[in-house]
Structures are given as structure tokens and as C-alpha cells.
Amino acid sequence: MRPSILLYDWDNTLIDGWAGITAALNAVFAAFGRPAWTVEDTKNRVRVSLRDSFPAMFGDQWEHARDIFYDTLTDSHLDHVAPMPGVPDVLRAGSGWPQGVVSNKAGAFLRREVVHLGWSGFFGPVIGAGDATADKPDPAPILMALARFGCPPDSSVWYMGDTALDMQAARAAGVTAVLIGNADHDGGVEHAAPDIHFPSAHALGARLRDLA
């Protein structure tokens, strides 16, 4: 089915920013005397937003941990942002549709990265963690993006991501769950259980060109 709106997750779907996230996490872990993570650890473990994960990780000191994380990320995150392979072609191929971003990265950082990459012209709403009443897997941020388009949620809306959590958020919002990649870092395709699966951004771009 031809989509009506294209919504994308950000990290590991459109961009590779894991090195910056890992550096910020490791600054927090160093302050708390915890072992450092590799980039692969971060890919395997980071799913929900900071406001959902840090209270469980750091208890009543989570706000102090949050401040260390964001101070470190502010200094370095743009140095580590790069498009995932095939993504510029996807965005060009998708430019005939309304496009937006819904991410669990904090909204202010997310929007700086969009501007840094020169991608502002591709997107309408760019919704990050903290912008809606709750973060993914809650449907609130996807519904916020659709409200800004003035469109209701339905199966013609594609929400595209790389994890089972993204697919869960899409289903909760009543839109089509589209997996990009094989979710090797998140239990595989079967665990993610998407409605539509593209093994790579290159495959998605080819499909969008066909549909256009």
C-alpha cells in the first residue's frame, strides 16, 4: 500500500550517533564508579528515553546523572553524527510525501542534529524525548507528529525504526510498523514483528522511488 505520511526514528535508523551517546554515558559511569560501555554495548542496551531509564539506573541521583550526560553530549554530539548508509537517498525518494521524525533522543539535541546535517527541508515535525507527554513506546510522540500534520493515525502512515520498541510504538499509535535493517542488536526481525520489513535503507529508498 502506498503510504500517506513517512515518520522515522532517528538513531540507528537515519543516523549513526552512537559514539557520541556512548561517550556521554561513559562520562556518567565514570562519575558513578561504574564500568564503561563500548559502542556495541550502547546499541544493545539503549532503547527507552533518558527520563524513563535513568531513574532505574541511578535512583535518587538520576538528575545529577542526567546533567552529566547532557553536559557531555552538548560538547561533542555533533562531532559524531553521520547518515546511515543509503539514508540521503531515502529522504530524497521520500520527499514527495510529508516526512517527520519521532525519536527518543532529547528534542533539543535531535533538532540540532537535523540542522547540522542540512536536513531541515526534508521534515515537518521533529519530535524528541520530552516533547510529548510520554516517550516511545508510548504512542504520544507519534500522535503529536500526526497532529502537527493535521492527520489522524491510520495504517497509511508508516513509522520506520530499527528496534522492537519502535514497532511497539507504531502499533500502539495505530500506524504501520516498518522495520529498517534486521534488528540484529535487538533480537532479530521475528522479535520485532514488523508489518513491513526492509533489510536496508537502500531497499527502502528503492521502494519509495517505485511508489513515487
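Some points to look at:
- Top-ranked residue in segment 89-130 [being surrounded by 22 or more Cβ atoms within 10 Å (Cβ to Cβ) and of a type in the set (D, E, K, R); ranked as nearest to PRO152 (Cα to Cα)]: LYS105
- Selection status of MET167, outside any helix (DSSP H, G or I), of a type in the set (A, V, I, L, M) and in contact (Cβ under 8 Å) with a residue 12 or more places away in the chain: no
- Of residues in segment 1-42 being of a type in the set (Ser, Thr, Tyr) and either modelled with pLDDT of 95 or more or over 21 Å from ALA129 (Cα atoms) (or both), the one surrounded by the most Cβ atoms within 10 Å (Cβ to Cβ): TYR8
Matching residues to (1) assigned by TED's automatic domain parsing to the domain that holds ASP89; (2) part of a loop (DSSP other than H, G, I, E, B); (3) modelled with pLDDT of 95 or more:
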site	(1), (2), (3)
VAL101	yes, no, yes
PRO137	yes, yes, yes
CYS151	yes, yes, yes
ARG171	yes, no, yes
HIS185	yes, no, no
ALA203	yes, no, yes
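- Options ARG51, ARG92, ARG2: the member that is over 17 Å from the mean Cα position of the chain (by Cα), part of a helix (DSSP H, G or I) and of a type in the set (Lys, Arg): ARG92
- Within segment 59-110, the only residue that satisfies the criterion of being in contact with a Gly (Cβ under 6 Å, 6 or more places away or on another chain) and free of Cβ contacts under 8 Å to residues at least 40 places away in the same chain is GLY107.
- Scanning segment 54-88 for residues that are hydrophobic (A, V, I, L, M, F, W, C), surrounded by fewer than 13 Cβ atoms within 10 Å (Cβ to Cβ) and not in a helix (DSSP H, G or I) yields one hit, ALA82.
- LEU73 under 16 Å from the mean Cα position of the chain (by Cα) and either modelled with pLDDT of 90 or more or closer than 20 Å to ILE127 by Cα (or both): no
The values are calculated or read from the model by the stated rules, or taken from the named source; none is laboratory data. It should be emphasised that the depicted structure is a prediction, and the values quoted were computed from it without experimental measurement. Reconstructed Cβ throughout: ideal geometry from the backbone, glycine too, with neighbour counts over all protein chains shown.
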